[in-house]
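The values are calculated or read from the model by the stated rules, or taken from the named source; none is laboratory data. These numbers come from a predicted model, not from an experiment. Counting neighbours? That spans all protein chains shown, and the Cβs are built from the backbone with ideal geometry, glycine included. Note: accessible area is taken over every heavy atom of the protein model, side chains too, but ligands, DNA and RNA are not part of it. Shrake-Rupley method; radii C 1.70, N 1.55, O 1.52, S 1.80 Å.
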Amino acid sequence: MSSSEAFTELPSVAPQLRALRRRASLTLEAAAGAAGLSPAHLSRLETGQRQPSLPMLLALARIYGTTVSELLGETVAERDSVVRAADMEPTEAGGWTYVQAGAPGRGMQALRVRVPHGSQGDIVRVHPGEEWLYVLKGRLRLRLGDTTHRLGPGDSAHFDSLTPHRIAAQDPDGVELLFVHTLLQSPTATLCLGPTPGETP
């Protein structure tokens, strides 16, 4: 499903955009400037004359201190705030092991991830959102754009997901990470790290 198709099935985001901007005490000009938009463009979004793209929604959610779900006016069912270790079930995908470390369906997803050595090949990711990772065990090779970083236990990285990035274990024993990302919720969003069948890198 394309972004344009998704938005045709959703109610207008205009009322939420205006209300959340005002809640954040931002003028039209200030919010537009922070999001890299013209005030006229943001005004058209707020009056429903135009529909925002996913990158625009993510940018505005960050600026207003909220989630994409709230921008879309979605009501979220009550969730448990605490996730017990006994309830965390591992999921395998492309050789990677994922364990949900947070409640599903939120604007921010938290995972504990084990990356085996040599599992990702040459896959480079580019997608909207932000990512934060923290190395628990082993050594990680993280490529951001044209720069390669080597991270060990206790090291972390926080980056915009539109920066081309590649994650790989440096050691034969693999690497374990805590990983947090912000993405519009979708079936593929929760497993956005390793190779997923049918997903375009």
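Figure legend. Inter-residue proximity from the range 9-37: first residues under 10 Å from residue 64 (Cβ atoms) and basic (Lys, Arg), second residues modelled with pLDDT under 85 and buried (at least 18 other Cβ atoms within 10 Å of the Cβ), beta-carbon distance below 7 Å, spacing 6+ or different chains. Indicated pairs: 21/64. Looking at the range 31-68 only, could you name the residues that are part of a helix (DSSP H, G or I) and open to solvent by less than 20 Å² (accessible area, probe 1.4 Å)? Correct list: 31, 32, 42, 45, 46, 57, 58, 60, 61, 64, 68. The single residue among 93, 103 that is open to solvent by less than 30 Å² (accessible area, probe 1.4 Å), in contact with a Lys or Arg (Cβ under 7 Å, 6 or more places away or on another chain) and modelled with pLDDT under 75 turns out to be 103.
Only residues that are part of a loop (DSSP other than H, G, I, E, B), surrounded by fewer than 15 Cβ atoms within 10 Å (Cβ to Cβ) and without any contact (Cβ under 8 Å) to a residue 60 or more places away in the chain: list them for the range 127-176, please. Listed by number, the residues that qualify are 145, 146, 152, 153, 154, 155, 163, 164, 171, 172, 173.
Check whether at least one residue in the range 67-78 is over 22 Å from residue 131 (Cα atoms), modelled with pLDDT under 80 and of a type in the set (D, E, K, R), and report yes or no.
yes
Of the residues making up the range 153-189, those that are modelled with pLDDT under 80 and under 17 Å from residue 96 (Cα atoms) are 187, 188, 189.
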